[in-house]
Amino acid sequence: MGRKRDRPDETPQTRLSDGRIARVAPSEITSGFEVDVDGTPQSHVDLADPTHLHFEYVARMGAVIDQLPDGPLTAVHLGAGGLTIPRYIAAARPGSRQQVIELEQPLVDLVREHLPLPRGASIRMRIGDAREGLGRLPSALRGAVDLLVSDVYSGAQTPAHLTTVEFYSACAEMLAASGVLLVNAADGAGLAFARRQVATIREVLPEVAVLAEVQVLKGRRFGNLVIAASAQPLPVEWLPRLMAAGPHPAKVAHGDEIERFVAGARPARDGDATDSPKPSLKLFER
């Protein structure tokens, strides 16, 4: 059965710069709200419990964040959506300092009006292209970021210029020595895009792990893969904790499994990169 649609005048919405419509509507399957753009779900936000991470790939990001050293984090987020992860960090790591770069001012305005940020959260919003915005961040952040999250979509696809060695090099320059990059990569059968993304990220940050639902990681269905990367080895003791954290059935690829996953994929560069694959609209039907 297709996903139930409210009449346009029943839910807050705004028109983005490219004509697409962003909406905020109550979730039909759990507590909280969903932000969608032209019918593609972008975020889930639970104002009553910011630590409630409903989307599976976001919960996997949360599991990685939970393994970072205790205390406040310095974090940079590329792509705002409903600001789910910034809200999570603000709740779980009080005192954290966060910067968010988002292309669409209307989306930021919609979310801030109808899904207001927690009082006291130190979350600075910046409007602009994610890659260009990295270069405009305060110089004091360079080499001082504990966590950088890249979760940028134009509609249902990640733009090509945010998938390359050159882009990830700019991300790596922001990270502290033990800082972690988290990337949301969506892919389907064969995982050609995801494999190339892992190969690309490893050109810059050699220590990589991939978290996904088992069937997604095997390339048997379209879904989201979370790529965690760092200049320093990701602690081995993370792995069983990440597996146990779920959502289940969960899989974490690391070490030799990453070598097999990449399987000769060629890193993407500015001259030959492509957008991420576009999922079928049926993927978002209820």
Yes/no for Arg195 being basic (Lys, Arg), touching a helix residue (DSSP H, G or I) at 6+ places or on another chain (Cβ under 9 Å) and not in a loop (DSSP other than H, G, I, E, B): yes
Single unsatisfied condition, Val64 versus (1) buried (at least 18 other Cβ atoms within 10 Å of the Cβ); (2) free of Cβ contacts under 8 Å to residues at least 60 places away in the same chain; (3) closer than 24 Å to Asp146 by Cβ; (4) in contact with a strand residue (DSSP E or B) (Cβ under 8 Å, 6 or more places away or on another chain): (2)
Enumeration of residues in the stretch 96-106 that are under 30 Å from Leu68 (Cα atoms) and either touching a Gly at 6+ places or on another chain (Cβ under 6 Å) or in a helix (DSSP H, G or I) (or both): Ile101
Looking only at the stretch 213-239, and only at residues there that are without any contact (Cβ under 8 Å) to a residue 40 or more places away in the chain and touching a Gly at 6+ places or on another chain (Cβ under 8 Å), the one that is surrounded by the fewest Cβ atoms within 10 Å (Cβ to Cβ): Arg221
Wholly enclosed helices (runs of 4 or more DSSP H) of the stretch 204-286 bearing at least 1 residues at pLDDT below 90: 238-245
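Does the stretch 2-14 include one or more residues that are touching a Lys or Arg at 6+ places or on another chain (Cβ under 9 Å), among the acidic types (Asp, Glu) and at pLDDT below 95?
Step one: filter the stretch 2-14 for residues touching a Lys or Arg at 6+ places or on another chain (Cβ under 9 Å), giving 2-4, 6, 8, 11-14.
Checking which are among the acidic types (Asp, Glu) leaves us with 6.
Going one step further and asking which of them are at pLDDT below 95, we end up with 6.
Yes, some residue in the stretch 2-14 is touching a Lys or Arg at 6+ places or on another chain (Cβ under 9 Å), among the acidic types (Asp, Glu) and at pLDDT below 95.
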Options Val45, Val58, Val24; residue that is farther than 27 Å from Leu181 by Cα, out of contact with any Asp or Glu (no Cβ under 6 Å at 6 or more places or on another chain) and at pLDDT 95 or above: Val24
Checklist (1) within 12 Å of the chain's Cα centre (by Cα); (2) part of a helix (DSSP H, G or I) applied to Ala91, failing item: (1)
Residue check for Ala194: surrounded by 21 or more Cβ atoms within 10 Å (Cβ to Cβ) and in contact with a Ser or Thr (Cβ under 6 Å, 6 or more places away or on another chain): no
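Taking the stretch 150-178 as the region of interest, how many residues are in a loop (DSSP other than H, G, I, E, B) and on the phi < 0 side of the Ramachandran plot?
8
The values are calculated or read from the model by the stated rules, or taken from the named source; none is laboratory data. The shown structure was predicted, so the numbers you read here are calculated from the model rather than taken from an experiment. So basically every Cβ, Gly included, is an ideal-geometry build from the backbone, and we count neighbours across all protein chains shown.
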